[in-house]
Amino acid sequence: MADITTQQIQELRARTGAGIKDCKAALVDSEGDFTKATEYLRQKGLASAVKKASRAATEGIVHSYIHFGSRIGVLVEVNCETDFVARREELKELADSVAKQIAACPNVEYVSVADIPTEFVEKEKAIEAGKDDLASKPAAIRDKIVLGRIEKRLKELCLIDQPYIKDQSITVDELVKQTGSKLNENVKVRRFVRFVVGEEVATEEQPAA
């Protein structure tokens, strides 16, 4: 049986809209083949979720949120399929909830694992593999430990993998999908920017030589 990673599960979930357990089962059954995994989900009666996730979400809103004290600000784009849904209060409420989540999560840099550059992932793997606590481990065990640490690290950087601050029993991804189900449209968070007063600002200009 092929080793199925969290990144693979999240990618299939992003493509199909199916649940985590269903995506994992599909990938295990198909030995990691995404095409076969998608067919598996359709055969198991999840065609509607697959169809919805494949529909283009080109409408939506850009929402702004300023945290108490005016030291943190967030801009987030939430997409849907139609202009009608873009005007719905449910979408605005979702965007506000997501924006507040971003304000509360300073370590989050990406929407999903699929957005993380390959170069960054490889660099993180190299750093983990070179740590002293793994030096005496057999290669196979070392690789598994590195993979586990990397998956955890990547999830910490991704918005949709975070526990929802108002309900820790669900993730932000599940919150977004719940709203999409209510509105009967493909709803997703496309991008965001988090501003912090004084962040990455030089304190003093260096004098000329």
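All of the numbers you see were taken from the coordinates with simple rules; none came from a lab. What you see is a predicted model; the values in this text were computed from it and never measured. Here the Cβ positions follow ideal geometry from the backbone for every residue, glycine too, while neighbour counts run over all protein chains shown.
Residues in the range 154-183, backbone N under 14 Å from the label point at E119 (7 Å along the Cα-to-beta-carbon vector): list them, ranges by number please. Residues passing the 14 Å test: none.
Which entries of K92/K152; K155/K188; K21/K182; K36/K188 have Cα-Cα distances beyond 29 Å here?
The pairs that break the limit, which is 29 Å between Cα atoms, are K92/K152.
For the chain, relative contact order (Cα pairs under 8 Å, six or more residues apart, normalised by length) works out to 22 percent. Dividing the alpha-carbon radius of gyration of the chain by the rule-of-thumb value 2.2 N^0.38 Å gives 1.18.
Extending 7 Å from the Cα toward the beta-carbon at both Q178 and D96 defines two label points whose distance is 1.6 nm.
How charged is the neighbourhood of L154? Take every other residue with its Cβ under 15 Å from the Cβ of L154, and add Lys/Arg as +1 and Asp/Glu as -1.
After counting each charged neighbour, the total is -4.
Each pair of Cα atoms in the range 84-178 enters the Kirkwood radius, and Stokes-Einstein at 10 °C and 1.306 mPa s then converts it into a translational diffusion coefficient of 104 µm²/s.
Would you mind finding the longest exposed-site-free stretch of the chain, with exposed GluC sites (Glu not before Pro) meaning DSSP loop and at most 10 other Cβ atoms within 10 Å? The longest such stretch corresponds to 1-198. The longest stretch of the chain left intact once loop-based trypsin sites (Lys or Arg not before Pro) with at most 15 other Cβ atoms within 10 Å are removed from consideration, loops following DSSP, is 1-54.
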